[in-house]
Amino acid sequence: MSHATVTHHRHEAPHAAKSALLRRTLRRHAAGVTVITVPGPAGFTATSFSSVSLDPALISFCVARGASVAAAVGRADRFAVHLLGVDDAEMAERFARSGVDRFAGMAPRHEQDGLPVLTSVPAWLTARVVARYPAGDHTLVIGEVDAGGVRADTPALIRHNGDYATPAQLTPPLLAA
């Protein structure tokens, strides 16, 4: 059996053009909106949350190394992921802003180690950090789930095309039930 090698000739875009292409393309990718918190307290809005494994139960997120919360995330041995619902767009905006008290007016429950848990959101998980990896201008953080809760069956808050949306807003009319 012979293996044919296929060669594709393509023009490699410069670094800045690749970054712009990735940003433009990811705007078309609908992603759930979360708030990540660590002891400090510190927190930020993220769409990079992902499940990694069911056995063991592992989850991950990425944080920009230049973000105001990067040092706190780097020191933390635990984190909480808060899955936002359709009524949480203001919270998402607040945790996305730098230079403000992101926890102002909130009453998070604090774990023994100071981890803030925002129990007003529809669902949350807490996890113990098991790995950190440098990934370009970000750090990938992986944690093993240790607790969580589901408070409400609320539609998810989604980020799409630079704005917040709900799953219903993204469903084409012909496919709606």
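The values are calculated or read from the model by the stated rules, or taken from the named source; none is laboratory data. A quick note: this is a predicted structure, and the numbers were derived from the prediction, not measured. Virtual Cβ from ideal backbone geometry, glycine too; neighbours counted across all protein chains shown. Ligands, DNA and RNA are excluded from the accessible area calculation, which covers all protein heavy atoms including side chains. Shrake-Rupley method; radii C 1.70, N 1.55, O 1.52, S 1.80 Å.
Quick check: residue separation of residue 137 and residue 151 times 0.36 nm, minus the Cα distance between them. What number comes out in nm?
Stretched out fully, the residue 137 to residue 151 stretch lengthens by 1.6 nm.
The modelled label-to-label distance for the pair residue 51/residue 31, using points 7 Å beyond Cα in the direction of Cβ, is 1.9 nm.
Ranked from highest to lowest mean number of other Cβ atoms within 10 Å per residue, what is the order of the peptides 42-48, 74-80, 144-150? Intermediate results must be reported in sequence, preceding the final value.
Working: 42-48: 20.9, 74-80: 19.0, 144-150: 13.9.
Sorting 42-48, 74-80, 144-150 by mean packing, highest first, produces 42-48, 74-80, 144-150.
Once the Cβ-Cβ distance between residue 168 and residue 113 is put in as r, and R0 is 35 Å, what FRET efficiency do you end up with, to the nearest 0.05? Could the numbers behind the result be given before it?
Working: r = 38 Å, r/R0 = 1.09.
The pair residue 168/residue 113 has a calculated efficiency of 0.35.
Expressed as a whole percent, the accessible area of segment 88-177 that falls on carbon and sulfur atoms is 54 (1.4 Å probe). Averaging the Cα positions of each part gives two centres, and for segment 100-144 and segment 34-63 these lie 6 Å apart.
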